[in-house]
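Data first, discussion second: the structure below is written as structure tokens.
The values are calculated or read from the model by the stated rules, or taken from the named source; none is laboratory data. Keep in mind the model is a prediction, meaning the values are calculated, not measured. Don't worry about glycine lacking a Cβ; one is built from the backbone with ideal geometry, like all the others, and counts go over all protein chains shown. The area values use the complete protein model at the heavy-atom level, side chains included, leaving out ligands, DNA and RNA. Shrake-Rupley method; radii C 1.70, N 1.55, O 1.52, S 1.80 Å.
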Amino acid sequence: MEIKDIVEIAKKKLVEITEFSSPNIIGADKDGDTWYITIEIVEKPSEAVNLEILGIYDVRLDASGNLLGFERIGMRKRGDIQRDAKIIRNISR
């Protein structure tokens, strides 16, 4: 399965589980047969877009696109500037 297919499956599964909307892929990595997809998703919409609350999730899928697990690794307001260049994954491999 290609990366574009895996990220679409990850977005769809996260929306189904959380019932949140507007997922955006912010990272993807593969280790062996496991895909690690990092997704930012709107958890609390707001009329003022810069005040929306976004959750940052790591989603794990196997090579066939089956969901192995997910974890929220952070939250932020859309208007906040991310100071770190990269969020460090805290899922042990």
For this session: Quickly run through region 44-62 and pick out the residues that are within 16 Å of Lys12 (Cα to Cα) and either open to solvent by less than 20 Å² (accessible area, probe 1.4 Å) or hydrophobic (A, V, I, L, M, F, W, C) (or both).
Result: Gly55, Ile56, Tyr57, Asp58, Val59, Leu61
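Tell me the residue from Ile17, Ile6, Ile41, Ile26 that is open to solvent by 50 Å² or more (accessible area, probe 1.4 Å), of a type in the set (A, V, I, L, M, F, W, C) and either part of a helix (DSSP H, G or I) or under 17 Å from Gly69 (Cβ atoms) (or both), please. So that I can check it myself, show each step before the final result.
On the way: Ile6 fails: open to solvent by 50 Å² or more (accessible area, probe 1.4 Å); Ile41 fails: open to solvent by 50 Å² or more (accessible area, probe 1.4 Å); Ile26 fails: either part of a helix (DSSP H, G or I) or under 17 Å from Gly69 (Cβ atoms) (or both).
Sole residue among the options that is open to solvent by 50 Å² or more (accessible area, probe 1.4 Å), of a type in the set (A, V, I, L, M, F, W, C) and either part of a helix (DSSP H, G or I) or under 17 Å from Gly69 (Cβ atoms) (or both): Ile17.
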Exercise. Hey, among the residues in region 29-38 that are buried (at least 19 other Cβ atoms within 10 Å of the Cβ) and β-branched (Val, Ile, Thr), which one's farthest from the chain's Cα centre (by Cα)?
Worked result: Ile37
Exercise. If we scan region 72-85, do we find a residue that is surrounded by 13 or more Cβ atoms within 10 Å (Cβ to Cβ), modelled with pLDDT under 95 and outside any strand (DSSP E or B)?
Worked result: yes
